[in-house]
1. Mind counting the residues in region 223-247 that are on the phi < 0 side of the Ramachandran plot, outside any helix (DSSP H, G or I) and at pLDDT 95 or above?
2. Could you say whether any residue in region 37-45 is touching a residue at least 60 places away in the same chain (Cβ under 8 Å), of a type outside the set (Lys, Arg) and more than 30 Å from LEU140 (Cβ to Cβ)?
3. Looking only at residues that are of a type outside the set (S, T, N, Q) and touching a helix residue (DSSP H, G or I) at 6+ places or on another chain (Cβ under 8 Å) in region 16-30, which one is nearest to TRP207 (Cα to Cα)?
4. Only residues that are farther than 18 Å from TRP222 by Cα, modelled with pLDDT of 95 or more, surrounded by fewer than 17 Cβ atoms within 10 Å (Cβ to Cβ) and hydroxyl-bearing (Ser, Thr, Tyr): list them for region 56-115, please.
5. Among the residues that make up region 165-172, is at least one of them farther than 22 Å from ALA12 by Cα and polar (S, T, N, Q)?
6. Go through region 73-106 and report how many residues are hydrophobic (A, V, I, L, M, F, W, C) and free of Cβ contacts under 8 Å to residues at least 24 places away in the same chain.
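The values are calculated or read from the model by the stated rules, or taken from the named source; none is laboratory data. Note that the structure is a prediction, hence the values are computed from the model and not measured. Cβ sites come from the backbone with ideal geometry, for glycine too, and all protein chains shown count toward neighbours.
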Amino acid sequence: MELAATFALWWAPVIVLAVLFRMVRISGLRPGWFLTAMAIYAIYMAAIMKGGALIPIDHYFEGLEWNWAGKIASIAATLVMFAVMAVATKAVSPESAGFTLRQKPGSVIPALAMIVLLAGSGIGLELLAADGKSMAPERLLYQATMPGLDEELFFRGLFLAVLGAAVPSGGVNLLGARITAAGLLVTLLFGLGHGVGIEDGKPFVSWIFIAVTGWFGFGLLWVRERTGSVLLPLLGHNLINFSGSFF
């Protein structure tokens, strides 16, 4: 029940905003695709939270403190969902999901500059928090690999493509990146997923976490749309998480 309630808390503002976008003609709204987006998000979250039980990594590496199995399960779920949808519909393809190594001409240097800005702001926030270094080998390895592989393949990859079919819009050009209604909704949900939940049966909201993860999510979205690929967002995401461990 708590998981279902948390899911509702995450999606309620997204639904409201999607309807508002449609009313003011910022975007369209396709209910079937919108329900599909909600379904793949539910599968993704279930894989992170429960799917690790199907992956016996703890039997081979005892004493793991991080959710390796859950992340591996969610990555596998994302790739399987992508494969199924790519066969079933033309709306989901390697190009629409950014599953390509090809970068748009002239996009790499601006994208790297944004990643440096994001990583620098992450280090600055860590210094402000002054919560000490976290340099355990397992943490460093995890932060250097799992966050980007998991969250970029899903949020700025498959999920962005599906939500783009659900709320189609022309978007606006922001310094060479086309920011669409779908991109804004993905960023909102990314922030809410890190800052809204239920604890001890009571809902909580952390505006700081929503703002911080929303900032990083939007920056990584910009890189994704500027380059046309999830490659640099993936690497940048891991760099942000990894570098923050040292401050």
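1. So the count comes out to 2.
2. yes
3. Of everything passing the filter in region 16-30, LEU17 is nearest to TRP207 (Cα to Cα).
4. Within region 56-115, THR89, SER93 meet the criteria.
5. Among the residues of region 165-172, not one is farther than 22 Å from ALA12 by Cα and polar (S, T, N, Q), which makes the answer no.
6. Of the residues in that region, 6 qualify.
Okay, residues lined up against (1) in contact with a Leu (Cβ under 9 Å, 6 or more places away or on another chain); (2) small (Gly, Ala, Ser); (3) surrounded by fewer than 21 Cβ atoms within 10 Å (Cβ to Cβ):
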| site | (1), (2), (3) |
| --- | --- |
| ARG156 | yes, no, no |
| THR187 | yes, no, no |
| VAL196 | yes, no, yes |
| ILE208 | no, no, yes |
| PHE218 | yes, no, yes |
| TRP222 | yes, no, no |
| GLY228 | no, yes, yes |
| PRO233 | yes, no, no |
